[in-house]
1. Between ASP64 and VAL128, take the C-beta separation as r, use R0 = 35 Å, and let me know the FRET efficiency to the nearest 0.05.
2. Roughly what would the spin-label model give for GLU93 and THR36, points 7 Å off Cα along C-beta, in nm?
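Any read-out appearing in this document is the output of simple, stated calculations on the displayed coordinates, not a laboratory observation. The structure displayed is predicted, hence computed values, not measured ones. Here the Cβ is made from the backbone with ideal geometry for all residues, glycine too, and neighbour counts use every protein chain on show.
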Amino acid sequence: MRNLARAVLVLFGLLVLAVACIAVSIEGSEPSVPLTEEDVIGTWQGDRGARLEVTADGRARLSDASGWRCFKDGQAGVFTGEGSWIMAQHSDEDPGILVKFTVDGAPATQCSDHFAIHRADTRDGGDVWARWLGTGSKESYRRTPTG
């Protein structure tokens, strides 16, 4: 009976050690790299045809984005507009930028949304993609290669 108790105790200890190792590896030993303007500036291409241009001088231009509700009637539609951006993070979402647009052809209509940038791995050019948080659009964006 003593051998069985020892075996159970050793197995329990190994299980606790394994769980602790997994928890530490999930948390990561290196702090995450903060998002910078250089991570955001450039052209982002949507998987459904939209295009977002983010410039170093604080301007942004979004064209042919579907699913936006920035119109006076509240209906979702294809959005094209120009505006400005700042670094921002929305609640518990990924960091990104807050963009404020004026709808093309309707100067009195303004729209804003957070463009959240997800970085699965920041080392060695890891997977980076982005999405709008509040528009209802299901489009995913990837930054086009530069230079």
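1. Efficiency computed from Cβ-Cβ geometry: 0.95.
2. The two pseudo-label positions are separated by 2.4 nm.
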